[in-house]
Structures are given as C-alpha cells and as structure tokens.
Amino acid sequence: MYIIPGAPRSLSMPEYWFGEVRGKSCTPAGSRDPEYLARRLEGIRISMDSFSPLTWEMARDCGFVATREEYLRILHDLCMHRAEMSLSLVAARPEQELIQMVHMRDQLDEAINLLVEKAIEWHAARSPEFSRKYRVLRPASALETLLAEGGPHVREIATGIRHLSEARAGITREIERIAGTVLPNCSALVGGLVASRILAAAGSLEGLARLPAGTIQVLGARTALFAHIRSGSLPPKHGIIYQYRGVHRAAKGRRGKVSRTLGAKLAIAAKIDLFRGERDEGFLDAARSALERAGGGLVR
Amino acid sequence: MIWIDGVLVSRGEAGVYGERVIRGFRVWNPRRSKLAAYYYLGGEIEIDAPMRILYLGAAHGTTVSHVADYADVVYAVENAYAPMRDLLAVAARRKNIVPLFSDAAEPALYAPLVEEVDLLFQDVAHADQAGIAIRNMPFLKDGGVALVVVKARSIDVAERPADVVRGVSGKLEDSGLFIRRVIWLEPYHRDHAVLECTRD
C-alpha cells in the first residue's frame with residue numbers, strides 16, 4: 001500500500017504488524033509465523049504525518065491474540081527473526097570482512113609504532129649512546145638493532161613486534177587481494193588499501209555507491225568539514241583520498257581540482273563495483289586521463 | 001528504583017555483561033550507563049512494572065537489560081551491526097526486549113511494530129539528536145515523558161557543551177515540547193546531559 005504524503009487521514013488505512021485496521025473493523029494477518037509476518041511487513045509503508053501508534057488492545061480486538069503475554073511473545077519472535085535475518089545479510093557481504101581487516105591493519109600500525117618507540121626508549125636508558133643514533137634510523141632497522149644489541153627482555157619484545165609486522169604485511173597483501181575482487185574499479189583508481197579505507201568509512205559497498213562525489217571526496221575529513229559548515233573556515237579539499245599519491249603529490253594549487261575529479265570518478269567506480277562487480281577498462285582509461293588533466297600533467 | 005545501601009540495582013537474571021551482583025540483585029553502574037547516572041544524580045522519572053518504553057540507541061543492550069528488569073516491555077532500536085549482535089543475545093534471554101535493527105532517524109520503518117509508550121529514552125550519537133527525538137514523539141502517549149541524552153560532542157565538537165544543550169532544548173521547545181529539567185551527568189559522563197521533556 002502506498003500512502004500519498006499529506007493525504008487526508010481517512011484515505012490511509014493504518015497497517016500494523018498484526019493486521020490492518022480500518023475504522024472499527026480490522027483484518028488480522030493470515031498467520032502468526034515469524035517468516036510470514038516479516039514478509040508481510042516488507043509491504044507496509046507508513047507515513048509519520050498521519051500516524052497514530054498502535055495499542056496491543058487493537059490486536060486483541062482484531063482477534064489476532066487473546067492476551068498481552070501472547071501479543072508480546074509473537075512480537076518478540078517476529079523481531080528476533082527479522083533482526084537475525086538482517087544481520088546475516090550484512091555478515092554475508094564479503095566487504096564486511098574487508099572492513100574489519102582495514103580496522104585491524106590500522107590498529108596494528110598504531111600498536112607497532114607505540115611498541116617500537118617504547119622499546120627504543122627502554123634500550124636507550126640502558127645504553128645512552130643509542131639514543132642519538134636511533135633518531136635517524138627507520139623503525140625497521142631500529143628493530144634490527146634492538147634484536148642484536150638489546151637486553152633479553154627487549155629482544156623478546158622486539159621479536160614480538162617483528163611477528164606483528166609480519167602479520168601486518170600479510171594482512172596488507174590480503175586486503176589488496178580482496179579489494180581487487182570486491183572493489184575492482186575503486187582499487188584500480190587509488191589502490192586496494194586506500195579504496196578499502198574509503199569503503200570502511202562509508203560502512204558498506206551499497207552505502208558507498210549511494211554517496212555523492214563530494215562526500216566521497218571529503219570522507220575522513222569530518223572535523224574539518226563540520227568546522228567549515230559551522231564557522232565558515234575553508235572547506236576541506238580531501239579526506240582519505242589524500243593518501244592516494246595522485247592527490248598528495250599533485251602541485252599544491254592543483255590538489256583541490258584533482259580531489260574533486262577523483263571524488264567524482266570514485267563515485268562512478270563504486271557504482272560499477274556494486275552493480276557489475278568487474279573492471280571496466282573503458283571507464284578506467286577515461287578516469288585516468290581526466291585525473292591527468294586535472295593534475296596538469298602525469299599521475300603515476 | 002531499587003537501591004541497596006546507596007547502590008542502584010535491578011532484579012533479573014545476572015550475567016549479561018559481567019555486572020556485579022549484590023544479594024541477588026544486578027548492580028547498575030552509573031559510569032557505564034547514562035540512565036543509571038541520571039538516577040544517581042536525582043532523576044525522578046522512574047521506571048516501574050507496567051511501563052512500556054521506546055529505547056533509541058540501544059547499543060550492546062547493557063542498559064537495556066536493566067530497563068527490561070524494571071519495565072513491562074522495551075522496544076530497543078539500534079542501527080549498527082556489531083552492537084546489534086550483542087543486543088540480540090541479550091534479547092534472546094529477555095522476552096520483554098523487542099529488538100529493532102533500524103535507524104532511529106526513520107521511525108516509519110519500525111512504526112508498524114511499536115505500541116504507544118509511556119517513556120521514550122534516547123541515547124544516540126547523531127548530529128541531529130533533537131530531530132530524532134521530535135520524529136519519534138508520535139509514539140509517546142499523552143502525559144508520557146521523553147528522556148533525551150544530549151551527547152554534546154556528537155553534535156558539535158567545537159562548541160561549548162552548554163550551548164549545544166541550549167540549542168537542542170530550543171529545537172525541542174519549538175516543536176511543542178516542554179523541557180522540565182536538565183541534568184548534567186558529571187562526574188559520571190563528560191559533556192552529556194539528560195533533558196526531561198513532556199508534551200504540554
């Protein structure tokens with residue numbers, strides 16, 4: 001049933017989960033089976049403008065139930081069933097695992113950096129000559145030094161950190177692989193990792209495909225965006241997409257243009273990823289040359 | 001509400017989230033639950049046995065489980081996947097929790113399921129918390145009360161929390177609600193306030 005917004009109240013027949021109420025008369029739903037009732041609910045559209053909430057007594061007068069206990073039991077079973085179905089639909093999407101992997105990888109990054117920093121400080125406290133040296137070391141080689149020169153506990157922790165780094169590298173490869181199948185076009189534009197981060201920010205592939213280009217462009221720049229809306233500070237040019245080197249390596253005066261173009265192309269790519277799920281070389285070529293033009297030169 | 005030596009508790013099957021138990025009662029911790037903090041700070045809108053409650057932002061179902069211990073039925077709306085999984089586990093053990101996997105900003109989606117309620121409790125992290133409360137008012141019966149938790153930092157990180165609460169109050173009043181009382185949840189929760197609203 002479709003209710004015309006603003007239609008007079010008498011035209012809309014309130015439909016509730018247990019049946020349809022029309023004035024004094026009421027037609028109860030055909031069954032109490034949760035699956036049947038859930039399917040029946042799919043077809044119900046309610047307009048909040050002319051809405052009056054139900055009372056359980058309606059269901060009793062309708063002949064659907066005899067007692068309140070019965071009413072609540074059937075309603076509880078129905079809602080448990082509906083929620084479980086919706087959850088299993090969400091869980092069955094391959095992109096949900098990808099999102100969890102992105103979160104895990106970012107968390108590992110943080111943990112590894114923190115642990116390396118603390119291990120270095122500890123080691124430096126034992127051997128002061130180390131403290132000046134490590135500032136110029138990359139974390140990886142700092143870790144090697146700790147493994148070679150550290151005390152027994154520092155060495156043990158350094159070994160643990162190395163395991164975490166290996167896990168991080170493995171997860172990164174896996175993210176790139178899954179992103180290539182779940183987000184083939186987005187990944188081709190900005191790389192699997194950045195594409196997955198954008199997906200994680202949007203929450204789901206369908207959610208991403210529904211986003212307008214301008215939103216995709218500034219996903220991950222929430223604070224800056226709201227500061228702009230509120231107090232009129234400069235709007236953010238880019239969010240997560242800044243991590244794509246085509247954006248952060250672009251000439252400063254061109255970054256806004258590149259970001260805008262990239263947001264637009266990602267919005268299209270996400271829709272192709274959702275509805276077709278395969279690479280579209282024609283689109284990708286066009287998108288890449290649009291990005292090159294926006295950047296005023298080569299994007300590699 | 002049930003208090004044992006100054007500790008807020010509820011009567012029900014324990015072991016929902018590792019809560020402590022005193023003399024068979026489940027301890028309701030004000031640091032974990034904004035509604036519990038509200039009662040610790042003198043909130044007067046109590047929950048009793050015949051009450052029907054619409055709970056927006058049910059999250060993992062920890063507070064909901066305590067509310068369900070007191071009330072007749074709790075309609076628990078939650079929109080996020082991971083919390084909903086936990087909420088379902090809670091609702092499986094408590095038959096008076098009706099779980100609704102839905103967006104509180106779109107009440108039309110669960111309107112065919114929710115009956116008229118005595119109390120609306122809202123604890124959602126959303127930039128338009130006033131709008132959500134207003135859109136859900138049709139469920140509240142005449143003379144019912146809405147407890148709206150204003151999460152100032154979710155609305156605006158930069159503005160002063162007191163200004164944010166004033167802004168929300170103003171919007172609610174514009175829609176015909178009457179703000180009876182504002183209770184800040186310090187020291188249990190920072191930058192959170194509970195608005196007691198009625199329809200006048």
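The values are calculated or read from the model by the stated rules, or taken from the named source; none is laboratory data. Everything quoted here is computed from the prediction, not taken from an experiment. Using ideal geometry, Cβ is built from the backbone for each residue, glycine included, and neighbour counts are taken over all protein chains shown. For the accessible areas, the whole protein counts, side chains as well, though only heavy atoms, and no ligand, DNA or RNA atoms are used. Shrake-Rupley method; radii C 1.70, N 1.55, O 1.52, S 1.80 Å.
About the Cα centre, and with charges only on the beta carbon of Lys, Arg (+1) and Asp, Glu (-1), how big is the dipole of chain A? Nearest 20 debye, please.
Computed charge dipole of chain A: roughly 1560 debye.
How much accessible area does B:Ser169 have with a 1.4 Å probe, in Å² rounded to the nearest 10?
Answer for B:Ser169: close to 20 Å² accessible.
Using alpha carbons only, what's the Rg to Rh ratio of the range B:88-200 with Rh from Kirkwood?
Using only Cα positions, Rg/Rh for the range B:88-200 is 0.98.
Using helices alone, what [θ] at 222 nm do you get for chain B, with -39,500 (n - 2.57) per DSSP H run of 4 or more residues, divided over all residues and rounded to the nearest 500?
When only DSSP H runs of four or more count, the value is -8000 deg cm²/dmol.
So for the protein assembly as shown, if I pair up every lysine 8 or more residues apart or on another chain, how many of those pairs have alpha-carbons under 20 Å apart?
Close lysine pairs found across the protein assembly as shown: 7.
What average count of beta carbons from other chains do you get within 10 Å of the Cβ of residues in B:103-113?
So the per-residue partner count for this stretch is 5.
From the residues B:Leu87, A:Tyr36, A:Leu143, which one has its Cα farthest along the dipole of the protein assembly as shown in the positive direction, the dipole being from +1 and -1 charges on Cβ of Lys/Arg and Asp/Glu about the Cα centre?
It is A:Leu143, whose Cα lies furthest towards the positive end.
Which FRET efficiency value, to the nearest 0.05, do you get for B:Glu159 and A:Glu166 by plugging their Cβ-Cβ distance into 1/(1 + (r/R0)^6) with R0 = 45 Å?
0.50
Buried accessible area between B and A (1.4 Å probe, both chains summed, ligands and nucleic acids excluded), in Å² to the nearest 100?
2500
Can you tell me how much longer the chain between A:Lys24 and A:Glu174 gets when fully stretched, taken as 0.36 nm per residue apart minus their C-alpha distance, in nm with one decimal?
The A:Lys24-A:Glu174 span can extend by a further 47.9 nm.
Take the solvent-accessible surface of the protein heavy atoms, probe 1.4 Å, and return the percent of it on the protein assembly as shown that carbon and sulfur atoms account for.
After summing per-atom areas, the C and S share lands at 53 percent.
Please get the size of the charge dipole for the range B:91-200, origin at its Cα centre, with Cβ charges of +1 on Lys and Arg and -1 on Asp and Glu, quoted in debye to the nearest 20.
380
State the volume of the convex hull built on the alpha-carbon positions of chain A, expressed per residue in Å³ and rounded to an integer.
236
Relative contact order for the range A:132-261 using alpha-carbon pairs under 8 Å, separation at least 6, rounded to a whole percent?
14
Classify the range A:146-244 from the C-alpha gyration tensor, please: rounded if a/c falls under 1.5, else prolate or oblate depending on whether a/b exceeds b/c.
In terms of gyration-tensor shape, oblate.
Under DSSP H, which helices of chain A have Cα atoms covering 20 Å or more of the helix axis and a Kyte-Doolittle average no less than -1.0?
A:68-91, A:94-126, A:152-182, A:255-275, A:281-295
Once you keep just the Cα pairs under 8 angstrom separated by 6 or more residues, what percentage relative contact order results for the range B:125-170?
Contact order relative to length: 48 percent.
Please identify the cysteines of chain A that lack any partner cysteine with a Cβ under 4.7 Å from their own Cβ.
Taking the Cβ cut-off of 4.7 Å, the unpaired cysteines of chain A are A:Cys79, A:Cys186.
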